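Novice: Here it is: the structure, laid out below.
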Amino acid sequence: MYDYLIIGNGISGLSAAEEIRKNDPKGSILIVSDEHGLTYWRTRLSELIEKDYTDEEILVKKENWYQEKNIEVKLDTHIEKIDKENKKAIAKDGQEYEYGKLLIATGSHAFVPPIKNADAEGVFAIRSSDDLKHFKEYLNDKKKLIIIGGGILGLEAANSISHLGIEITIVEAFDYLLARQLDKDLSQKLEKALNEMGMKTLTGKFSEEILVKDGKVCGLKLTDGTELVADAIMIQAGVRANIEIATNSNIPTDRGILVGENLQVENEDIYAAGDVAQIGNFSIGLWTASMEMGKIAGANMTGDNKLYEQPKPFSTLMLGDIKLFSAGQNAGDGIEEVKKEDGEKIYKLFKNGDKFVGGILWGDIKFQMDVKKIVFEGVDPKETKLGSEIFDL
């Protein structure tokens, strides 16, 4: 019997184990994962497309750390369901693991939209280091790649792949790139900058069918009839939570596993953290949020009662000379823009009535802490360098 059983070794599982060990030096901890290796920096997958690296280099904690902390890890092991009454996790191979407290931190998988032939050879949705290795091998002699999805991950991947001399076309269903993070004006500026870097962009376009020749990808057909040539396709269309363990075990789910703000499944010694957790109607697929949830779940499994506060949405994108930061809202009814340009640098704040609800920095992102204070904490812009120096407020 393990005092603490953690299913999943992404950043939330690892953070929970670390927190448990801080609070309980002696309790037995087992991390079970269907990954082949220890926890790695998933956030680096896009940049690693163009780099050579070893598995060891991308680990968050090296192997000896686990030994020092007396944390057991069992890899290549898929847990299928939980026997809640007898407090056991049952693996696909029939092995059973008894627990005192359980954390489900199974993360998420890449969402592949219902596009015809999405399972053809040469179509990739990168979510793990294994996915990345297969993708890099496939790209070896390829000339043209289409990326379906123009979000931050799609753009980071496009930038990395373009450095390999591969021709990139980005296909985005929204009318403009980064529609959640940018207003139309700055999105068009971003698109122009990407085009100047040699990447093609198609916005407001929907993918209908992946074209296949001799069993391999040869292009993409859009819903407007346009056919694009490509010898590989990457899909970057968001993620979906890995909730199968919960659905197999009669643990309540919606998009994710339903937990309270303490990350506990009601009336159970079971917790969920990271991409797989849903609090009320809220779920999020961010590394920093997963790390924070893991720490809180780990603390609570050892008897604490910490609550997880929903993070405030902000984004940073840095590609070559492109530097941008965005926080809060920049569109909607009653939103006014306050803008200051300084050569290539653009600073924007967005007001709703007398309240500042959003901000975007372009070309100079050193004032991002000021934007967060103004937007998320209600600090008067006059009290920040951004407000006093840039906007003369």
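The values are calculated or read from the model by the stated rules, or taken from the named source; none is laboratory data. Source: prediction; values computed, not measured. Cβ coordinates were reconstructed from backbone atoms using ideal geometry, including for glycine residues, and neighbour counts include every protein chain displayed. Surface areas here come from the heavy atoms of the whole protein model, side chains and all, with no ligands, DNA or RNA. Shrake-Rupley method; radii C 1.70, N 1.55, O 1.52, S 1.80 Å.
Novice: Report the gain in length on full extension from residue 193 to residue 130: 0.36 nm times residue separation, minus Cα-Cα distance, nm rounded to one decimal.
Specialist: Here the segment from residue 193 to residue 130 would lengthen by 19.5 nm.
Novice: Once fully extended, how much extra length lies between residue 47 and residue 389, figured as 0.36 nm per residue of separation less the alpha-carbon to alpha-carbon distance?
Specialist: Full extension of this stretch gives 119.7 nm more.
Novice: To the nearest 10 square angstrom, what accessible area does residue 216 show with a 1.4 Å probe?
Specialist: Accessible area, nearest 10 Å²: 90 Å².
Novice: Which of these values of Cα extents along the principal axes in Å was calculated from the structure shown: (1) 60, 52, 38; (2) 98, 52, 41; (3) 63, 63, 37?
Specialist: Checking each listed value against the structure points to (3).
Novice: Report the accessible area of residue 338, computed with a 1.4 Å probe over the heavy atoms of all protein chains in place, in Å² rounded to the nearest 10.
Specialist: Accessible area, nearest 10 Å²: 40 Å².
Novice: To continue, here is another question. Only sites in a loop by DSSP and with at most 16 other Cβ atoms within 10 Å count here; which GluC sites (Glu not before Pro) in the range 271-354 make the cut?
Specialist: In loop regions of the range 271-354 (DSSP not H, G, I, E or B), the sparsely surrounded GluC sites (Glu not before Pro) are 309, 344.
Novice: With a 1.4 Å probe and all protein chains in place, put 102, 307 in order of accessible area, largest first.
Specialist: Largest accessible area first, the list is 307, 102.
Novice: If you keep only loop residues by DSSP, which chymotrypsin sites (Phe, Trp or Tyr not before Pro) in the range 99-175 have at most 16 other Cβ atoms within 10 Å of their Cβ?
Specialist: In loop regions of the range 99-175 (DSSP not H, G, I, E or B), the sparsely surrounded chymotrypsin sites (Phe, Trp or Tyr not before Pro) are 111, 174.
Novice: Here's a follow-up. Distance from the Cα centre of the range 349-379 to that of the range 1-62, in angstrom?
Specialist: Using only Cα atoms to place each centre, the spacing works out to 35 Å.
Novice: Among rounded, prolate and oblate, which fits the range 197-340 when a ≥ b ≥ c are the square roots of the eigenvalues of its C-alpha gyration tensor, a/c under 1.5 means rounded, and a/b larger than b/c means prolate?
Specialist: It comes out oblate by the Cα gyration axes.
Novice: Heavy atoms only, 1.4 Å probe, whole protein assembly: order 197, 1 by accessible area, highest first.
Specialist: My answer, sorted largest first, is 1, 197.
Novice: Further question on the same structure: Heavy atoms of the protein only, probe of 1.4 Å, neighbouring chains included. What is the accessible area of residue 255 in Å², nearest 10?
Specialist: Per-residue accessible area (residue 255): approximately 110 Å².
Novice: As a check on your grasp of the helix formula, calculate [θ] at 222 nm for the chain: sum -39500 (n - 2.57) over DSSP H runs of n ≥ 4, divide by the residue count, round to the nearest 500.
Specialist: It lands at -6500 deg cm²/dmol.
Novice: If I model a spin label as a point 7 Å beyond the Cα along the Cα-Cβ vector, how far apart are those points for residue 118 and residue 305 in nm?
Specialist: Inter-label distance under the simple model: 4.4 nm.
Novice: Further question: With a 1.4 Å probe and all protein chains left in place, how much of the accessible area of the range 33-120 comes from carbon and sulfur atoms, in whole percent?
Specialist: 42 percent
Novice: Within the chain, what percent of beta bridges assigned by DSSP are antiparallel, to the nearest 5?
Specialist: Taking every DSSP beta bridge with both residues in the chain, the antiparallel ones total about 60 percent.
Novice: Just how far, in whole angstrom, is the range 125-157 from the range 284-328 if you go by their alpha carbon centroids?
Specialist: Cα centroid to Cα centroid, the span is 25 Å.
Novice: Among 279, 299, 378, whose Cα sits farthest toward the positive end of the charge dipole of the range 262-393 (+1 at Cβ of Lys/Arg, -1 at Cβ of Asp/Glu, about the Cα centre)?
Specialist: So the residue furthest toward the plus end is 378.
Novice: Give me the 1.4 Å probe accessible area per residue for the chain, excluding ligands and nucleic acids, in Å².
Specialist: Heavy-atom SASA per residue in the chain reads 49 Å².
Novice: Quick one: order 342, 370 from most to least accessible surface, probe 1.4 Å.
Specialist: 342, 370
Novice: Still on this structure, I have one more. Please determine, in degrees from 0 to 90 and to the nearest 10, the orientation of helix 184-196 with respect to the longest principal axis defined by the Cα atoms of the chain, where the helix direction is its Cα long axis.
Specialist: 90 degrees
Novice: Where a ≥ b ≥ c are the square roots of the eigenvalues of the C-alpha gyration tensor, would you call the range 201-240 rounded, which needs a/c under 1.5, or, failing that, prolate if a/b is larger than b/c, or oblate?
Specialist: Note, shape of the range 201-240 comes out oblate.
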